[in-house]
1. Here is a list: Glu765, Glu735, Glu750. Which entry is within 36 Å of the chain's Cα centre (by Cα), closer than 20 Å to Glu701 by Cβ and in a strand (DSSP E or B)?
2. Condition test on Asp239, is it surrounded by fewer than 21 Cβ atoms within 10 Å (Cβ to Cβ) and in contact with a Cys (Cβ under 6 Å, 6 or more places away or on another chain)?
3. If we keep just the residues of the stretch 284-314 that are among the aromatic types (Phe, Trp, Tyr) and within 15 Å of the ligand (Cβ to nearest atom), which is nearest to Trp384 (Cα to Cα)?
4. Scan the stretch 134-149 and tell me whether some residue there is in contact with a helix residue (DSSP H, G or I) (Cβ under 8 Å, 6 or more places away or on another chain), within 16 Å of Asp232 (Cβ to Cβ) and open to solvent by 10 Å² or more (accessible area, probe 1.4 Å).
5. Yes or no: the stretch 467-486 includes at least one residue that is within 11 Å of the chain's Cα centre (by Cα) and either open to solvent by 10 Å² or more (accessible area, probe 1.4 Å) or modelled with pLDDT under 95 (or both).
6. So which residues in the stretch 553-568 are surrounded by 20 or more Cβ atoms within 10 Å (Cβ to Cβ) and hydroxyl-bearing (Ser, Thr, Tyr)?
7. Quickly run through the stretch 619-634 and pick out the residues that are over 21 Å from Pro587 (Cα atoms) and surrounded by fewer than 21 Cβ atoms within 10 Å (Cβ to Cβ).
8. For the stretch 156-174, indicate whether the set of residues that are more than 20 Å from Tyr245 (Cβ to Cβ), within 16 Å of the ligand (Cβ to nearest atom), of a type in the set (Gly, Ala, Ser) and open to solvent by 10 Å² or more (accessible area, probe 1.4 Å) is non-empty.
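The values are calculated or read from the model by the stated rules, or taken from the named source; none is laboratory data. The shown structure was predicted, so the numbers you read here are calculated from the model rather than taken from an experiment. Cβ placement follows ideal geometry from the backbone for every residue including glycine, while neighbour counts extend to all protein chains displayed. Quick note on the areas: whole protein, heavy atoms, side chains included, nothing else; ligands and nucleic acids left out. Shrake-Rupley method; radii C 1.70, N 1.55, O 1.52, S 1.80 Å.
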Amino acid sequence: MIDPSLKVSDDNNEEKFLNNPIVTVGPVTKQYLKAVKSYITDGNRFVFSDGASKVQVSVISDEIIRVRMAPQGTFLADFSYALQPYDHVITEVKFIENDLQYLISTPKVTCAITKADFLISFIDRDGFLMSSDAKPMHYEENVQFGGYYIYCSKTCQTTEDFYALGDKATEFNLRGKRMVLWNTDTYAFAKNQDPLYRSIPFYLSLNKGYCYGIFHDNTFKTHYDFAVESMDCTSFWSDGGELNYYYIHGPQMVDVVRRYSMLTGTHQMPPMWALGFHQCRWSYYPDKKVKQVANTFREKKIPCDAIYLDIDYMNGYRCFTWNERYFPDPKNLLSELNDIGFKTVVIIDPGIKVDENYWVFKEGKANNYFCRRCDDYFMEGNVWPGRCQFPDFTNPKVREWWGGLFQGLLDAGVDGVWNDMNEPAVFGSGSFPDDVRHNFDHHRGSHRKAHNVYGMQMVRATYEGLQKLQKNKRPFTITRAGYSGVQRYSSVWTGDNVATWEHLKLANVMCQRLSISGISFCGTDIGGFTGEPDGELFTRWIQLGVFTPLMRAHSAGDTREREPWSFGEPFESICRKFIELRYKLLPYLYSAFWQHYKYHLPVLRPVVMLEPNEHINHFREDEFSFGDSILVCPVLQPGVANRKVYLPKGTWYDYWTNHKYKGGKEFVISTPLDSMPIFVKGGASIPEYPVMQHVNEFELESVTLKTWFSEMEEKSIIYEDHGENFAYKLDIYLEKTITVRGTNGSFVMEQTMHGMYTPRYEKYEHIVYGLPFKVKKVIVDGKEIKKYSFDTTNVLSFTTTKQFKKIEILA
Ligand code: GLC
């Protein structure tokens, strides 16, 4: 059976760029894989052939198995923009052939390939069938462009539901939906409009508590059908490229997401200020207006860390220039802003104005950095500056050049860069035509192949450039378009949404979806980009925004002014209260980012991820966990005095009142405008900062550590580092674990520390909630302390050093 002529090879030879069918040109119809005729094995890779097509199955880790199909037997060059190097663990791989199947097994999962019809399935170690092909993989020649349309169909159970896929503006559960991945500028997008700005070809299947993921690493336009065409079948197909997917085993949903992040990377640790409140507007100009907005934040004592300059700061929308009339002295302006604690983020679009007197255009032209059509004409199209050409960000040389262009902006004092319009957007036609050619990191391709990665490669060029120029300072970038892996280079926002209650609901769903699609650092235009919110909608959006990892208010140029004070009272005070809450929770959010960076955990975790076994949770989409311990249930309707909240099993405390709840059911919680249902998990230790008007406004003397009683042992992670540099990559950070457990007469808190960073503050101000007994003794590291106090609700307060090891609170 073993065919020695079947070679496994990844050489980037020329042959791989050719259309494959050279010898046996078949009819131009759909071809399904036929019976397996032969195979070869090569370490952890296995190649099976039906005589014409080949399928490669490789074990990436104990839980990840990759499947590729070569319709005519030649695999395409193995290149990916999505993947990052990672030390995946492979314990053992076994290969068994029986009469009916080939079985490739790791200690966690078995991939079975049927001999008679080439069907591929994945089975867990207890024999549970996680996923199986509904039909053999198939393909159809693309006569116009060459290559193949490639298809894969998996059986779908009646109890199976689907999640993730990036930023879709639809229900959280994707079962019963058809979706397309093709980055698209969708101004004022509507619910269910598709495709949108990003392409994340990763979905999760959840069936009876068992979860797996499929990451189809293919940049061409890709389609998904989640049990629409047929109730018992889920399919994905792409308009070109290779059928090339990674089966990612769970069975826990959170582990599938973690493993997807191991494949495609995480965000870097953001600079601490980037987790503060950001105020954006199309556009703040001239300089006086920018200063006035910034000063008003300080006068009104509403915390804010970043102010944005949209396209009008530029000279005729030429990137990397300043409008001298509106901004005669940018350096001075930015330094004045910096003096009052504001970072400045500027927009940079990909379209470079065709203008022989403009240095960026001249450099790009001289070096042949702009994209060209198939017949060698330049790709020209209209965007904000008028006629533009567009750098080919898939060319490493172009990325290098682009990264260097930021020097001038940095010299002026710019702190962050916002990449927009990078789907790429072109007025009129929408985007580039298919025939535009791209370097694709020397793998060449048309826009069909490069479209979905264009924006990601732009923000990569931006991030890498900033990193190089800023040396040890963490860059801050925000992008609109992206492909899997974009998180390594940027935060994202969900694009041009609308000031409606429906969009507030979408904002909630889209951020959760992005978070479980590998993109934790996400947010929406608070208030809605287009249209006019009233005070209530804006306030509710600010409240949700506290719990989106990126918290940025933004609005279109044709709308009324939109700052947290624009709606007067009581809205202004409530917005202040919630933005202050964001600032109190900064050390907690920062720790959640660390857990994302280090342990691959998403920052936002939907209820279905917390409790995947409960089928009803498959359809819950309002509540989510913000980090490990805070459950958030935003108010998404106008004029409601209360709302139903589902609390997962376990003990929860109302953040505002400390009322204790036993979870596992729904509760009706009152929702006056100045509040929003937030719950803390029993046993959580949450660090809080005093309210500051911006990060590092003053030196901390202490950190408040709020801890909620639990009988179960619970752990919380608190992370601290320098906040702005890359020392954490050299292990200069502090990761603390607080472990608590209680009885009806005692509560013990223990702290362990790991790392080499020493925070400047000395003390913890402890607050302990929910103690079920009257405290008689507080012992810190073996010594009884006398100074502690209670309030009327038995909330205990005391102070310790930041290094405490063990606290015993006794009845
Ligand atoms: C796009 C962006 C929006 C920005 C505007 C002007 O519509 O999505 O955020 O304000 O362009 O630059």
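1. Details: Glu735 fails: closer than 20 Å to Glu701 by Cβ; Glu750 fails: closer than 20 Å to Glu701 by Cβ.
Just one listed residue meets the conditions, Glu765.
2. Working: surrounded by fewer than 21 Cβ atoms within 10 Å (Cβ to Cβ): yes; in contact with a Cys (Cβ under 6 Å, 6 or more places away or on another chain): no.
When the stated conditions are applied, Asp239 does not pass them.
3. Narrowing the stretch 284-314 to residues among the aromatic types (Phe, Trp, Tyr): 284-285, 297, 308, 313.
Restricting the remaining residues to those that are within 15 Å of the ligand (Cβ to nearest atom) gives 284-285, 308, 313.
On the way: Tyr284: 17, Tyr285: 17, Tyr308: 18, Tyr313: 13 Å.
Among residues in the stretch 284-314 that are among the aromatic types (Phe, Trp, Tyr) and within 15 Å of the ligand (Cβ to nearest atom), the one nearest to Trp384 (Cα to Cα) is Tyr313.
4. Checked the stretch 134-149: no residue is in contact with a helix residue (DSSP H, G or I) (Cβ under 8 Å, 6 or more places away or on another chain), within 16 Å of Asp232 (Cβ to Cβ) and open to solvent by 10 Å² or more (accessible area, probe 1.4 Å).
5. We begin by selecting, within the stretch 467-486, every residue within 11 Å of the chain's Cα centre (by Cα); these are 482-486.
Checking which are either open to solvent by 10 Å² or more (accessible area, probe 1.4 Å) or modelled with pLDDT under 95 (or both) leaves us with none.
Among the residues of the stretch 467-486, not one is within 11 Å of the chain's Cα centre (by Cα) and either open to solvent by 10 Å² or more (accessible area, probe 1.4 Å) or modelled with pLDDT under 95 (or both), which makes the answer no.
6. Ser555
7. Residues satisfying the conditions are Phe619, Arg620, Glu621.
8. Initially, the stretch 156-174 is screened for residues more than 20 Å from Tyr245 (Cβ to Cβ), giving 158-159, 167, 169-173.
Narrowing further to those that are within 16 Å of the ligand (Cβ to nearest atom): 167, 169.
Cutting the leftovers down to of a type in the set (Gly, Ala, Ser) gives us 169.
When the remaining residues are screened for being open to solvent by 10 Å² or more (accessible area, probe 1.4 Å), the result is none.
Within the stretch 156-174, not a single residue is more than 20 Å from Tyr245 (Cβ to Cβ), within 16 Å of the ligand (Cβ to nearest atom), of a type in the set (Gly, Ala, Ser) and open to solvent by 10 Å² or more (accessible area, probe 1.4 Å).
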